[in-house]
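Taking it in order: structure first as structure tokens, then the write-up.
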Amino acid sequence: MKAHLTRRYRFSASHRLHSADMSTEENRATYGKCNNPHGHGHNYTLEVTVSGPVDAKTGMVCNLVDLDGYVEREVLSRYDLENLNTLKEFAQTVPTTENLCIEIFEILQRGFQKAHLERVRLEETMMNSFEYAAGNELRY
Amino acid sequence: MVYLTRKAEFSASHYYHNPDFTPEENRRVFGKCNNPNGHGHNYTLEVTVKGEVDPRSGFVVDLKQLKDIMHREVLDAMDHRFLNKEVPEFLTKVPTTENLAIAIWQRLESKLQQAHLHRVRVYETPDLFVDFYGEKE
């Protein structure tokens, strides 16, 4: 039997949306308030969905201790209470929540081996959320 | 095709233990959840069915029937119960959220007449949920 398991996490970070390829006016027109040079912050909620066969001995898709440990080490400790623009992955890339969502998916895909990564969903606020699943089908 | 989701809540206790494991293995794999006295959760269940809208009733499913089936098959059996001891599926299986979603699917699937079961989602806490789509593998 195959099941999907989703875990929610929270972190807070600041960012500024600004593209070096755009003029000052274009940046302002594109990003509006988010272009404020001093940056601003969000409380992000991260949802990680993994899938796989339910192990007959443990009843689990994967042990939550492993998933929580990996996410804490590789994602939360990297982004929580940081300014995203200062991190190397956002040196050339605008730290929109789209790009952050893809980045987190790739971090998990590179190193988390205990179950199949299905999707990452990131809520920037209660009103905005973004999902990335690479080649996987998004299921509802 | 229209999808309809009905929610329900139930509270139950459980613990994780596999009799084929040694006590050390049980403690290592299941951690705090291995406490034999059990611990509890407020579960939220979401049942999603799919089907074509009946042209006469305008329904995908008669919600009253769906509610009754969920009550009879799931809530009456699991609400305010110790899952390991009182729900037959968990006499032989570890009552993880994964196995709970599968057991609920199996209880509901054969009872639904009009609509097809699409997904069973079980929240163990607001930050942890499992989806089961009836996939064997």
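Can A:R28 be described as more than 14 Å from every other protein chain (Cβ to nearest Cβ), touching a helix residue (DSSP H, G or I) at 6+ places or on another chain (Cβ under 8 Å), surrounded by 16 or more Cβ atoms within 10 Å (Cβ to Cβ) and more than 29 Å from B:L100 (Cα to Cα)? Give the steps one after another, and end with the answer.
Details: more than 14 Å from every other protein chain (Cβ to nearest Cβ): yes; touching a helix residue (DSSP H, G or I) at 6+ places or on another chain (Cβ under 8 Å): yes; surrounded by 16 or more Cβ atoms within 10 Å (Cβ to Cβ): no; more than 29 Å from B:L100 (Cα to Cα): yes.
Here the answer is no, as A:R28 does not meet what is asked.
What tally of residues in the stretch A:42-67 results from selecting those that are in a strand (DSSP E or B), surrounded by 15 or more Cβ atoms within 10 Å (Cβ to Cβ) and not acidic (D, E)? Can you show your working first?
First pass over the stretch A:42-67, keeping only residues in a strand (DSSP E or B): A:42-53.
Within this subset, residues satisfying the condition of being surrounded by 15 or more Cβ atoms within 10 Å (Cβ to Cβ) are A:42, A:44-53.
The next check asks that each one be not acidic (D, E); those that pass are A:42, A:44-46, A:48-53.
Number satisfying all stated conditions: 10.
B:D79: surrounded by 13 or more Cβ atoms within 10 Å (Cβ to Cβ) and away from every other protein chain (no Cβ under 14 Å), yes or no? Full working, then the answer.
Details: surrounded by 13 or more Cβ atoms within 10 Å (Cβ to Cβ): yes; away from every other protein chain (no Cβ under 14 Å): yes.
Yes; evaluated as a whole, the condition is true for this residue.
For the stretch A:48-61, which positions are more than 9 Å from chain B (Cβ to nearest Cβ) and either under 17 Å from A:Y9 (Cα atoms) or more than 24 Å from the chain's Cα centre (by Cα) (or both)? Let's see the steps before the verdict.
Initial filter on the stretch A:48-61 (more than 9 Å from chain B (Cβ to nearest Cβ)): A:48, A:50, A:52.
Residues satisfying the conditions are A:V48, A:V50.
Regarding A:A20, is this residue in a helix (DSSP H, G or I) and more than 30 Å from A:H116 (Cβ to Cβ)? Show your work before the answer.
Details: in a helix (DSSP H, G or I): no; more than 30 Å from A:H116 (Cβ to Cβ): yes.
In short, no.
Of all the residues that make up the stretch B:104-120, how many are in contact with a strand residue (DSSP E or B) (Cβ under 9 Å, 6 or more places away or on another chain), within 24 Å of A:K57 (Cβ to Cβ) and either within 9 Å of chain A (Cβ to nearest Cβ) or outside any strand (DSSP E or B) (or both)? Steps first, answer last, please.
The first filter runs over the stretch B:104-120 and keeps only residues in contact with a strand residue (DSSP E or B) (Cβ under 9 Å, 6 or more places away or on another chain), leaving B:104-105, B:108-109, B:112, B:114-120.
Filter once more, so that each one left must be within 24 Å of A:K57 (Cβ to Cβ): B:104-105, B:120.
Then drop every residue that is not either within 9 Å of chain A (Cβ to nearest Cβ) or outside any strand (DSSP E or B) (or both), which leaves B:104-105.
Result for the stretch B:104-120: 2.
Could we say that A:V65 is touching a helix residue (DSSP H, G or I) at 6+ places or on another chain (Cβ under 7 Å), more than 18 Å from A:E118 (Cα to Cα) and of a type in the set (V, I, T) here? Give the derivation first.
On the way: touching a helix residue (DSSP H, G or I) at 6+ places or on another chain (Cβ under 7 Å): yes; more than 18 Å from A:E118 (Cα to Cα): yes; of a type in the set (V, I, T): yes.
So A:V65 fits the description; yes.
Would you check which residues across the stretch A:68-93 are among the aliphatic types (A, V, I, L, M), under 17 Å from A:L122 (Cβ atoms) and out of contact with any helix residue (DSSP H, G or I) (no Cβ under 8 Å at 6 or more places or on another chain) and list them? Steps first, please.
In the first step, residues of the stretch A:68-93 are kept if they are among the aliphatic types (A, V, I, L, M); the result is A:71, A:75-76, A:81, A:84, A:87, A:91.
Adding the requirement that they be under 17 Å from A:L122 (Cβ atoms) leaves A:71, A:75-76, A:81, A:84, A:87.
A:L76, A:L81 - these are the residues of the stretch A:68-93 that are among the aliphatic types (A, V, I, L, M), under 17 Å from A:L122 (Cβ atoms) and out of contact with any helix residue (DSSP H, G or I) (no Cβ under 8 Å at 6 or more places or on another chain).
All but one of (1) surrounded by fewer than 18 Cβ atoms within 10 Å (Cβ to Cβ); (2) more than 14 Å from chain B (Cβ to nearest Cβ); (3) of a type outside the set (V, I, T); (4) closer than 29 Å to A:R7 by Cα hold for A:H38; state the number of the condition that does not hold.
Here A:H38 clears every test but (4).
Just checking, how many residues over the stretch B:1-40 are closer than 18 Å to B:A101 by Cβ, out of contact with any helix residue (DSSP H, G or I) (no Cβ under 9 Å at 6 or more places or on another chain), within 14 Å of chain A (Cβ to nearest Cβ) and in a strand (DSSP E or B)?
So the count comes out to 2.
What number of residues within the stretch A:77-103 are crowded, with 16+ Cβ neighbours inside 10 Å and under 10 Å from the mean Cα position of the chain (by Cα)?
So the count comes out to 7.
In the list B:V94, B:V60, which residue meets the criterion of being aliphatic (A, V, I, L, M), touching a Ser or Thr at 6+ places or on another chain (Cβ under 8 Å), assigned to a loop (DSSP other than H, G, I, E, B) and at negative phi? Give the steps one after another, and end with the answer.
Values: B:V60 fails: touching a Ser or Thr at 6+ places or on another chain (Cβ under 8 Å).
When all the criteria are applied, what remains is B:V94.
Which of the residues belonging to the stretch A:100-122 are assigned to a helix (DSSP H, G or I) and in contact (Cβ under 8 Å) with a residue 12 or more places away in the chain? Give the derivation first.
The first filter runs over the stretch A:100-122 and keeps only residues assigned to a helix (DSSP H, G or I), leaving A:100-111.
Across the stretch A:100-122, the qualifying residues are A:L100, A:C101, A:I102, A:E103, A:I104, A:F105, A:I107, A:L108, A:Q109, A:G111.
For the stretch A:68-86, name all the residues that are of a type in the set (D, E, K, R) and either closer than 11 Å to A:A115 by Cα or in a loop (DSSP other than H, G, I, E, B) (or both).
Step one: list which residues in the stretch A:68-86 are of a type in the set (D, E, K, R), which gives A:68, A:72-74, A:78, A:80, A:82.
Within the stretch A:68-86, A:D80 is the sole residue that qualifies.
Scanning for something hydroxyl-bearing (S, T, Y) and away from chain B (no Cβ under 14 Å), does the stretch A:85-95 turn up at least one residue? Write out each step before concluding.
Going residue by residue through the stretch A:85-95, those that are hydroxyl-bearing (S, T, Y) are A:86, A:93.
When the remaining residues are screened for being away from chain B (no Cβ under 14 Å), the result is A:86, A:93.
For the stretch A:85-95, residues hydroxyl-bearing (S, T, Y) and away from chain B (no Cβ under 14 Å): present.
Sort out which residues of the stretch A:64-98 are under 13 Å from A:A13 (Cβ atoms) and without any contact (Cβ under 8 Å) to a residue 60 or more places away in the chain, and write them in order of number. Before you say what the answer is, go through the steps one by one.
If we filter the stretch A:64-98 for residues that are under 13 Å from A:A13 (Cβ atoms), which is where we start, we get A:75-87, A:89-90, A:95-97.
The answer is A:S77, A:R78, A:T86, A:L87, A:E89, A:T97.
Being in contact with a strand residue (DSSP E or B) (Cβ under 8 Å, 6 or more places away or on another chain) and among the hydroxyl-bearing types (S, T, Y) is the filter here, so list the residues in the stretch A:1-58 that pass it.
We begin by selecting, within the stretch A:1-58, every residue in contact with a strand residue (DSSP E or B) (Cβ under 8 Å, 6 or more places away or on another chain); these are A:1-16, A:33-34, A:39-54.
A:T6, A:Y9, A:S12, A:S14, A:Y44, A:T45, A:T49, A:S51, listed by residue number.
Values quoted throughout were computed directly from the atomic coordinates according to the rules given, and no laboratory measurement underlies them. Predicted model, so just to flag it, every value in this text is computed and none were measured. Positions of Cβ are generated from backbone atoms using ideal geometry, with glycine treated the same way; all protein chains shown enter the neighbour counts.
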